[in-house]
Amino acid sequence: MTFVQTGTSREDYLDEPSTLNLSENIGSILLDKLNFFLGFLANEKKEIVSGFAKNYINKFRRLIDNDFFTRNLEKYQNYTTDYKNLNQFPELTNASINYLIFLLELKDESELEKDEIEITRRALIKAWIFPSYYLLEVLTETIDRQEAIKLHKRYITNYYIDHPHPNREESFNLEKLFENRTTGDTTSSEWILVHTMLEEGKYAFKNKNCPTCVDAMKDLPDVELKYLACCYPDYEKFRSYYSDHIILTMEHTLMEGDSYCSRVLHDTRINYDLRHPTKEFWDNFEPGKEKEAMKYYKNHKTI
């Protein structure tokens, strides 16, 4: 068995330039999830929908300095016509799009008229994840925190069940994923990962850095909400992206202050033993330490 490390850290990764076609991506970045959440909330806890919407609007108003959304309002309203839940809350829709544009850190409003907007990766990542963080924060301010967290977990799970990746294949196998990730150009990615096949149907990988969520969200105060907004969705997201027989286990995360993220993808057609390896295994999960790490893995399986 071999442990393979891939990726190279890039210190200024978040400040590197990127481009975004906002017209083509505003749905996947913002509108799809917000529309689904409003419908989910209406089914699960209808009595708080209007209060949540009001609180979310007020949150956006406190977060932005001024109105970035004037003459382009009509242009982006056209993209909401198929969102029946959002259409019931036009003020919330406008406020959320306004906040999204604020996060993009555009030089001026004329940038919105371009097909491709030039932004930093930091701004792009914030556009993807900050609205989710504040949605959850507002939910915890609208109802009891623990109730809000349970509700948010169900929403996330149901969202990805309802939105499987269009190219997912039931014939997907983890051995092929491991091969694709550990051969060819293994240094260009900004993600530093260690990979191995623990056994047939069990692919383990350890994130040694998180150049997206953790780095971009470092100034946000609530660690639990950051984890729930960025890391928790991975449980259902992996199954949604790959196949129904793929299940993720994860016990350590950089977001929560651990020195790595520990992840195993399990193919339940082959083995439904979902026990996660112990911390001793993950601490030794490094190239050259295969013998020591696998000793802990084998001991773990005998418990």
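Among 278, 240, 293, whose Cα lies farthest out toward the positive end of the dipole of region 187-303, if unit charges sit on the beta carbon of Lys, Arg (+1) and Asp, Glu (-1)?
Of the listed residues, the answer is 293.
Could you give the size of the charge dipole of the chain about its Cα centre, using +1 on the Cβ of each K and R and -1 on the Cβ of each D and E, expressed in debye and rounded to the nearest 20?
Numbers: 39 positive and 51 negative charges, 186 e Å.
Approximately 900 debye in magnitude.
What is the angle, in °, between the Cα long axis of helix 121-142 and the longest principal axis of the Cα atoms in the chain? Nearest 10 is fine, range 0 to 90.
80 degrees
Carbon and sulfur together cover what percent of the accessible area of region 214-303 at a 1.4 Å probe radius?
That fraction is 49 percent.
Under 1.5 on a/c is rounded, so check that first for region 150-303, then, if it is not, pick prolate when a/b is larger than b/c and oblate when it is not; a ≥ b ≥ c are the square roots of the alpha carbon gyration tensor eigenvalues. Can you show the working numbers first?
Details: a/c = 1.42, a/b = 1.14, b/c = 1.25.
The shape class here is rounded.
Nothing charged except the Cβ atoms of Lys and Arg (+1) and of Asp and Glu (-1): what's the magnitude of the dipole of region 85-223 about its Cα centre? Round to the nearest 20 debye.
On the way: 16 positive and 25 negative charges, 118 e Å.
Computed about the Cα centre, the dipole is about 560 debye.
In Å, the Kirkwood hydrodynamic radius of the chain over pairs of distinct alpha carbons?
21.1 Å
Given the rule -39500 (n - 2.57) for each run of at least 4 DSSP H residues, summed and divided by the residues of the chain, what is its mean residue ellipticity at 222 nm, to the nearest 500 deg cm²/dmol?
Result for the chain: -14000 deg cm²/dmol, rounded to the nearest 500.
What is the helix-to-structure angle for 290-302, meaning the angle in degrees between its Cα long axis and the longest Cα principal axis of the chain, kept from 0 to 90 and rounded to the nearest 10?
Its long axis makes an angle of about 90 degrees.
Below 8 Å between Cα atoms, with a sequence gap of 6+, how large is the relative contact order for the chain in percent?
Averaging sequence separation for qualifying contacts and normalising by length gives 23 percent for the chain.
Given charges of +1 on the Cβ of Lys and Arg and -1 on the Cβ of Asp and Glu, with all other atoms neutral, how large is the dipole of region 1-58 about its Cα centre, in debye to the nearest 20?
420 debye
Write out the cysteines belonging to the chain for which the nearest other cysteine Cβ is not under 4.7 Å, or none if no such cysteine exists.
Singleton cysteines: 210, 231, 261.
Which whole-number percentage describes the relative contact order of region 259-303, with Cα contacts under 8 Å and a sequence gap of 6 or more? Before the final figure, lay out the partial values.
Values: 24 pairs, mean separation 13.7, N = 45.
Once divided by the residue count of region 259-303, the mean separation gives 30 percent.
Can you list the lysines whose alpha carbon is less than 30 Å from that of residue 218, not counting same-chain residues fewer than 8 positions off?
Those lysines meeting the cut-off are 33, 54, 59, 107, 126, 150, 153, 206, 208, 226, 237, 279.
Ignoring ligands, DNA and RNA, please state the percent of accessible area on region 71-207 from carbon and sulfur, probe 1.4 Å.
46 percent
Skip the ligands, DNA and RNA, and give the accessible area per residue of the chain with a 1.4 Å probe, whole Å².
49 Å²
The values are calculated or read from the model by the stated rules, or taken from the named source; none is laboratory data. Note that this is a predicted model, so its numbers are computed, not measured. We place every Cβ from the backbone using ideal geometry, glycine too, and count neighbours over all the protein chains shown. Ligands, DNA and RNA are stripped out before the accessible areas are found, and what is left, the full protein with its side chains, is counted by its heavy atoms. Shrake-Rupley method; radii C 1.70, N 1.55, O 1.52, S 1.80 Å.
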